[in-house]
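**Student:** Mind having a look at this structure? Questions to follow.
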Amino acid sequence: MRLSETQTLFSRTMLDHPDAVANPDPALAGLFAGEEAILPARLKIYRNNILGSLTKAMQATYPLIEKLTGEEFATGLMRSFVLESPPQEACLARYGAGLDAFIETFSPAKDLPYLADVARLEWAMNEAYYAPDDRPLTPAGLQNVPLEELADMILPLRASIRLLDSRWPLSAIRNFCLKENRDERETLNLDQGGCQIMVYRPGLSADIVPLESAEYAFLQAMSAGDTLGQSLETILKTFPGFDFKGFLQKHMALETFSSPVANT
């Protein structure tokens with residue numbers, strides 16, 4: 001058996017359901033020396049170590065999930081996800097995409113309707129943190145653009161930018177979870193309304209910025225590749241009072257955009 005085949009077989013056994021360890025594939029069992037009856041116990045040790053390591057990697061990416069649900073629930077959730085969606089690349093820091101969709105089908109979480117959106121927030125922050133570096137658009141970058149060409153400019157969002165729209169108060173949930181020395185009797189009102197936020201990376205860590213509806217819609221249009229003129233025309237139909245100048249000043253300060261591209 002080739003090494004790649006052995007690795008695939010071993011990986012499938014480790015990340016399969018428990019019966020794969022209790023009754024290992026004969027092709028895999030033939031690779032081990034010693035009494036056949038001992039092999040399942042040995043494989044179980046390997047399996048527990050692997051699942052434990054992957055679960056801890058997931059918990060590091062999704063710390064708010066554990067704060068909201070407790071260690072036992074979060075561990076069970078992450079472990080179930082690992083078995084259903086094992087890593088597809090070597091970097092565990094980028095492992096965990098799709099947990100939000102998994103939570104929506106995870107029956108023990110059916111009474112926690114906000115949990116999937118919290119997972120979306122955490123994954124967006126993880127993506128923002130590991131996004132490639134790019135050069136931000138600065139005011140000087142627009143000064144050299146002729147006025148007649150400004151409407152035809154496309155302002156791409158930075159690689160670290162993620163936009164989220166949720167019916168739950170994600171910012172309040174996050175602040176509640178991260179509050180130091182919080183009284184365990186303290187509760188959070190989840191009926192205070194939803195939010196539209198931007199996840200970005202202002203320095204060496206990811207952060208979030210609350211957005212107004214018009215602001216969110218404008219950034220969505222930019223993200224879709226619309227020109228500055230097209231985006232502004234569309235937004236003003238729905239939000240006639242949109243303060244474009246204030247919007248541009250705010251997001252130039254936040255370094256939301258990367259270098260502009262002429263629309264050809």
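**Student:** Hey, of (i) 17.9, 56; (ii) 19.5, 63; (iii) 23.9, 81, which did the structure itself give for Rg and Dmax of the Cα atoms in Å when calculated?
**Tutor:** (iii)
**Student:** Moving on to the next point. Just 169, 202, 26 to compare: in a GNM of the chain, with alpha carbon springs under 10 Å, which one fluctuates most?
**Tutor:** Maximum fluctuation in the GNM of the chain, among the listed residues, is at 26.
**Student:** Compare the Cα positions of 6, 106, 210 along the charge dipole of the chain (+1 at Cβ of Lys, Arg; -1 at Cβ of Asp, Glu; about the Cα centre) and return the one farthest towards the positive end.
**Tutor:** Sorting the options by dipole projection puts first 6.
**Student:** If you line up the Cα atoms of segment 165-240 on their principal axes, what length do they span on each, largest first, in Å?
**Tutor:** Rounded to whole Å, the extents work out to 50, 32, 16 Å.
**Student:** Checking the cross-link filter: which lysines have an alpha carbon closer than 27 Å to that of residue 245, excluding same-chain neighbours under 8 positions apart?
**Tutor:** Within the straight-line limit of under 27 Å, residue 245 reaches these lysines: 237.
**Student:** Given +1 on the Cβ of Lys and Arg, -1 on the Cβ of Asp and Glu, and no further charges, what dipole in debye does the chain carry about its Cα centre, rounded to the nearest 20?
**Tutor:** Taking the Cα centre of the chain as origin, the dipole is about 400 debye.
**Student:** Now a separate question. For residue 179, go through the lysines and keep the ones whose alpha-carbon is under 19 Å away, minus same-chain ones fewer than eight residues off.
**Tutor:** Straight-line reach from residue 179, under 19 Å: 67.
**Student:** Given a Förster radius of 22 Å and the C-beta distance between residue 244 and residue 149 as r, what FRET efficiency does 1/(1 + (r/R0)^6) yield to the nearest 0.05?
**Tutor:** About 0.85, to the nearest 0.05.
**Student:** Which of 182, 158, 79 moves most in a GNM of the chain, Cα contacts under 10 Å?
**Tutor:** For the chain, modelled as a Gaussian network with Cα springs under 10 Å, the answer is 182.
**Student:** Take every Cα pair under 8 Å in the chain that's 6+ residues apart, average their separations, divide by the length, and report that relative contact order as a whole percent.
**Tutor:** After rounding, I find 18 percent.
**Student:** Using +1 at the Cβ of each Lys and Arg and -1 at the Cβ of each Asp and Glu in the chain, identify which of 115, 62, 220 lies farthest towards the dipole's positive end.
**Tutor:** The residue sitting most towards the positive pole is 62.
**Student:** Still on this structure, I have one more. I want to verify a result. In a Gaussian network model of the chain, Cα cutoff 10 Å, which of these has the top mean-square fluctuation: 247, 81, 32?
**Tutor:** Per the Cα network of the chain with a 10 Å cutoff, 32 tops the list.
**Student:** Starting with the fewest neighbours, write out 166, 160 ranked by other beta-carbon atoms found within 10 Å of each beta-carbon.
**Tutor:** Going from sparsest to densest Cβ surroundings: 166, 160.
**Student:** For segment 71-149 and segment 214-264, what is the separation of their C-alpha centers, rounded to whole Å?
**Tutor:** Cα centroid to Cα centroid, the span is 24 Å.
**Student:** All other residues with a Cβ under 13 Å from the Cβ of residue 215 taken together, and with Lys, Arg as +1 and Asp, Glu as -1, what is their net charge?
**Tutor:** -1
**Student:** A further question on this structure: Nearest 5 percent is fine: what portion of the DSSP beta bridges confined to the chain is antiparallel?
**Tutor:** Approximately 100 percent, going by the DSSP bridge assignments.
**Student:** Still on this structure, I have one more. Angle, helix 244-253 long axis vs. longest principal axis of the chain, Cα atoms, 0 to 90°, nearest 10?
**Tutor:** 50
Every read-out reported here was derived from the displayed coordinates using simple, explicitly stated rules and does not represent laboratory data. Fair warning: this is a prediction, and the values are worked out from it, not measured in the lab. We place every Cβ from the backbone using ideal geometry, glycine too, and count neighbours over all the protein chains shown.
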